[in-house]
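Structure record follows, encoded as structure tokens.
The values are calculated or read from the model by the stated rules, or taken from the named source; none is laboratory data. Since we're looking at a predicted model, the values are computed, not measured. Here Cβ is always computed from backbone atoms with ideal geometry, including for glycine, and neighbour counts include all displayed protein chains. Calculation scope for accessible area: heavy atoms of the full protein, side chains included, ligands and nucleic acids excluded. Shrake-Rupley method; radii C 1.70, N 1.55, O 1.52, S 1.80 Å.
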Amino acid sequence: MTDQRSLARKDEQFMRSALRLAARGVGYTSPNPMVGAVVVKRGRVVGKGYHRKAGTPHAEIHALQDAGARAVGATLYVTLEPCNHQGRTPPCTEAILRSGVDRVVVGCNDPNPRVSGGGVDLLRSRGVRVEVGVLGEKCTRLNEAFIKHVTTGLPMVVAKVAASLDGKIASHRGDSRWISNERSRRFVHRLRHAADAILVGVGTVIADNPSLTTRLPGRKWKNPLRIILDTHLRIPLDSLVVEQTDEAPTIVATGPKPYKKRRAALEERGVEILPLPLKSGRVSLPALLDRLGKRDIISVLVEGGAEVHGGFFYDNLVDKVYLFFAPKIIGGSRAVPMVGGIGSETVAEASPLKHIRLRRFDDDIMVEAYLEQSTLLSKS
């Protein structure tokens, strides 16, 4: 029993190392998952690697190459089930079998129907000892956007809101700079780096003229695809998201029959126009997410404004929220609420939040949580 407990502790220790490696791929691997791997022999790490970018070698390959001959008789720790199919790269199971590894510890199964237990089954059939589920919840959460996309075909939708303690995102005059503090805003830029796309309504573009790029010091950070909801193509031609298409691509999601001259003017500036059907007089959000999923966009960060958030919540499309509350009271019935639109008919019909985590950024409080109806909760 003592030996089993000791082995379990070591398995968790080395899986944490693999998770830290996997996290280095945040923002770069989509539409692939983030994966980390370490090779351990006689209690020492002799090889390590992580998946760096879609189309490049997987984590297991990097780790086994790093280990070389030392992989014989070793244990491979990997955060996600090794693939056993030919994609843009060869099956990882083949490399594992060639390496001489005799034990593989897997964080969580790959939900991709092309894998889904097949990698584990193949390794076991060839005499490799395989353990599955070590730090499984952490490994699953790391790739929640990938899991949502590969199981539903849709991107994961994350709603980000910065509000006062009384739930206002702007004064009655529309002023919103700055509700949250600098540390909170830096964290939001990390969320932008991690997301495939960032989405706002045209009202936000007209009011604030944001660039919607990732601005952080240090290493090069990824800018997400910018999506603007604009049913009637009202977006100003001199807005930053139109003028700066060299920094990040911009898509304007609009109605099914966009104005030809306006469309041509935007397309001349490098903006993609995406005509979509209407729902209740506005761009259909389910149709938009369906189109994005078909493009292998696996995560969308929705930054507002209030009516945009209202549409996503009303259609039950939000998977996860990051709510930043600043120690301020804006007040007033005409101030802009966090979530606009019609809202719930009764309190009983409100959207419940689950798996709530709190974090402080100086005096700001961030609430990270999942919507109860999210398919992600069934994957944990």
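Listed values, structure above:
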quantity	calculated
Over the chain: helical MRE at 222 nm, DSSP H runs n ≥ 4 each giving -39500 (n - 2.57), nearest 500	-8500 deg cm²/dmol
Partner aspartates and glutamates for LYS148 [C-alpha distance under 14 Å; skip if fewer than 8 residues away on the same chain]	ASP110, ASP196, ASP290, ASP296, ASP319
Long-range amide H partners of MET338 with built H, under 5 Å	ILE169
Calculated diffusion of the stretch 1-148, Stokes-Einstein form, Kirkwood radius summed over Cα pairs, 10 °C and 1.306 mPa s, µm²/s	108
Residue among ILE365, ILE251, ILE206 with the largest mean-square fluctuation in a Gaussian network model of the chain, springs linking Cα atoms under 10 Å	ILE206
Cut-off of 10 Å, at most 15 other beta carbons, DSSP loop: longest stretch of the chain lacking such GluC sites (Glu not before Pro)	1-246
For the stretch 248-291, alpha-carbon Rg over 2.2 N^0.38 Å	1.17
Straight-distance crosslink candidates among lysines, where the alpha carbon sits under 23 Å from LYS168 and sequence neighbours closer than 8 are dropped	LYS160, LYS320, LYS328, LYS354
Per-peptide average of other Cβ atoms within 10 Å, ordering 169-181, 214-226 highest first	169-181, 214-226
Proximal lysine pairs, the stretch 180-296, alpha carbons under 29 Å, eight or more residues apart or interchain	9
Carbon/sulfur fraction of accessible area - the chain, other protein chains in place, 1.4 Å, %	50
Whether the stretch 214-292 is rounded, prolate or oblate, judged on the alpha carbon gyration tensor where a/c under 1.5 counts as rounded	oblate
Part-to-part distance (alpha-carbon centres) for the stretch 166-212 and the stretch 306-357, which is given in Å	15
Inter-part distance where the stretch 236-299 and the stretch 2-40 are each reduced to a Cα centre, Å	39
Loop trypsin sites (Lys or Arg not before Pro), the stretch 14-98, which have at most 12 other Cβ atoms in a 10 Å radius of their Cβ (DSSP)	ARG42, LYS53, ARG88
Highest-first arrangement of 292-299, 317-324, where packing means the average Cβ count within 10 Å	317-324, 292-299
Solvent-accessible ranking of HIS58, HIS355, HIS189, largest area first, probe 1.4 Å	HIS355, HIS58, HIS189
